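In what follows, a single structure is set out as structure tokens and then discussed.
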Amino acid sequence: MDAILETQNLVKEFKGFVAVDGVNLRVRRGEIHALIGPNGAGKTTVFNMLTKFLQPTSGAIYFRGENITAEGPADIARRGIVRSFQICAVFAHLTVLENVRVALQRCLGSSFYFWRSEKSLAKLDGRALELLAQVGLKEWSATPAAELSYGRKRALELATTLAQEPQIMLLDEPTQGMGHEDVSRVTRLIKQVAADRTVLLVEHNMSVVSSIADTISVLQRGRVIAAGPYAQVSKDPQVIEAYMGGTGAAPAELR
């Protein structure tokens with residue numbers, strides 16, 4: 001499989017502090033690629049550079065072989081690089097269906113025509129319901145998003161992400177703060193939606209990573225110290241050192 005997203009020697013400095021130090025990533029088309037590492041390793045900073053919320057200090061980012069390092073966030077989104085955030089972002093007082101319709105408005109080229117009648121958006125209902133069915137939320141379509149459980153809010157966020165027709169989805173801590181049942185539901189959804197697209201995710205839950213990731217890159221102090229399938233990475237001495245300080249045994253979360 002060829003790479004859809006690559007970085008070359010990506011660096012980010014903050015007033016002399018090097019948060020990301022020469023990161024090389026290669027995300028292959030059609031795979032689930034997990035970016036893991038201890039707190040403060042630089043994972044979210046990498047995400048922010050890939051989606052241009054932060055400009056790299058140096059290095060390059062390539063999408064489908066084209067250098068996109070100098071592009072802005074809107075340009076990146078138009079290319080189909082779409083991300084979620086650690087904090088669940090839905091419109092709490094809109095219904096589940098209305099949340100997805102907002103995301104679909106870009107397809108009409110009318111994202112900013114808020115004065116138009118709601119009836120003008122009815123043409124989007126069919127596609128919105130299809131997306132809600134994909135994430136198991138069709139029966140909650142008329143429910144205000146504020147009334148959903150946290151796990152279902154995350155599922156709604158996946159639906160709004162899918163509405164933007166992403167070529168690659170960047171998911172930042174998609175199961176953070178969830179109970180076991182919600183973690184299982186969202187994990188299944190990620191695997192399901194990744195069937196015909198590429199996913200890059202930051203995730204602390206190693207049971208999630210081990211069950212769905214095709215490739216794992218491990219960050220430590222802003223550098224990639226290991227990359228490969230879970231079975232390989234979990235036994236890597238540098239990874240064990242990063243998580244446990246060199247006790248000589250893999251921590252439970254990496255077994």
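The values are calculated or read from the model by the stated rules, or taken from the named source; none is laboratory data. Remember, predicted model here, so these are calculated numbers, not experimental data. Here the Cβ positions follow ideal geometry from the backbone for every residue, glycine too, while neighbour counts run over all protein chains shown. We work out accessible area using only protein heavy atoms, side chains counted, and drop any ligands, DNA or RNA first. Shrake-Rupley method; radii C 1.70, N 1.55, O 1.52, S 1.80 Å.
Among the listed pairs Lys15/Lys52; Lys43/Lys138; Lys15/Lys235; Lys52/Lys235, a Cα-Cα separation exceeding 28 Å is found for Lys43/Lys138; Lys15/Lys235; Lys52/Lys235. The charge dipole of the chain, taken about its Cα centre with unit charges on the Cβ of Lys, Arg, Asp and Glu (plus for the first two, minus for the last two), comes to roughly 320 debye.
Using Cα positions and a limit of under 15 Å, work out the aspartates and glutamates in reach of Lys123, with same-chain residues fewer than 8 apart set aside. Filter leaves Glu98. Each of Arg78 and Ala122 was given a label point 7 Å from its Cα along the Cα-to-Cβ line. The distance between the two points is 3.2 nm.
Expressed as a whole percent, the accessible area of the chain that falls on carbon and sulfur atoms is 52 (1.4 Å probe). Residues Glu66, Glu6, ordered by accessible area of protein heavy atoms at a 1.4 angstrom probe radius and largest first, appear as Glu66, Glu6. FRET efficiency for the pair Ala3 and Glu130, taken as 1/(1 + (r/R0)^6) with r the Cβ-Cβ distance and R0 = 30 Å, rounds to 0.50.
Translational diffusion of the chain, estimated by Stokes-Einstein from the Kirkwood radius over alpha carbon pairs at 20 °C in a medium of 1.002 mPa s, is 112 µm² per second. Treating r as the C-beta distance of Val18 and Ser207 and R0 as 41 Å, the FRET efficiency rounds to 0.85. Extension gain for Gln176-Gln55 works out to 41.0 nm (0.36 nm per residue, less the C-alpha to C-alpha distance). Considering only alpha-carbon pairs that sit under 8 angstrom and 6 or more positions apart, the relative contact order computed for the stretch 115-180 is 30 percent.
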